[in-house]
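Visitor: Just passing along the structure, written as structure tokens.
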Amino acid sequence: MTEARVGYHKEVKTASFQGKSITVENLTPMLSPKARDKRKREIESCLYEVFVKYAPGRAQMH
């Protein structure tokens, strides 16, 4: 299945630090509510797997 091209919202912020100008560009995908919910569930699932793996008291698997 081919995914549709995703557009991005670009946010640019500039700050001064130690006399130098630093520019940060943040790109946020513009997804439909359904696609956003699907992606959120995928991320939550992956994060859960990471947290379970490193949770205190869990035996390390080697």
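Visitor: Can you tell me which residue in the range 1-48 is surrounded by the fewest Cβ atoms within 10 Å (Cβ to Cβ), limited to those that are part of a loop (DSSP other than H, G, I, E, B) and not charged (D, E, K, R)? Talk me through it step by step, then tell me what you get.
Guide: Pass one, the range 1-48, residues part of a loop (DSSP other than H, G, I, E, B): 1-6, 18-19, 31-32.
Adding the requirement that they be not charged (D, E, K, R) leaves 1-2, 4, 6, 18-19, 31-32.
On the way: Met1: 2, Thr2: 4, Ala4: 8, Val6: 10, Gln18: 5, Gly19: 5, Leu31: 15, Ser32: 10.
Looking at the filtered set, the residue picked out is Met1.
Visitor: How about the range 18-37: which of its residues are closer than 13 Å to Val6 by Cβ and either modelled with pLDDT of 95 or more or in contact with a strand residue (DSSP E or B) (Cβ under 8 Å, 6 or more places away or on another chain) (or both)? Full working, then the answer.
Guide: Of all residues in the range 18-37, those closer than 13 Å to Val6 by Cβ come to 27-32, 35-36.
Those that are closer than 13 Å to Val6 by Cβ and either modelled with pLDDT of 95 or more or in contact with a strand residue (DSSP E or B) (Cβ under 8 Å, 6 or more places away or on another chain) (or both): Leu27, Thr28, Pro29, Met30.
The values are calculated or read from the model by the stated rules, or taken from the named source; none is laboratory data. Because the structure is a prediction, the values reported are computed rather than measured. So basically every Cβ, Gly included, is an ideal-geometry build from the backbone, and we count neighbours across all protein chains shown.
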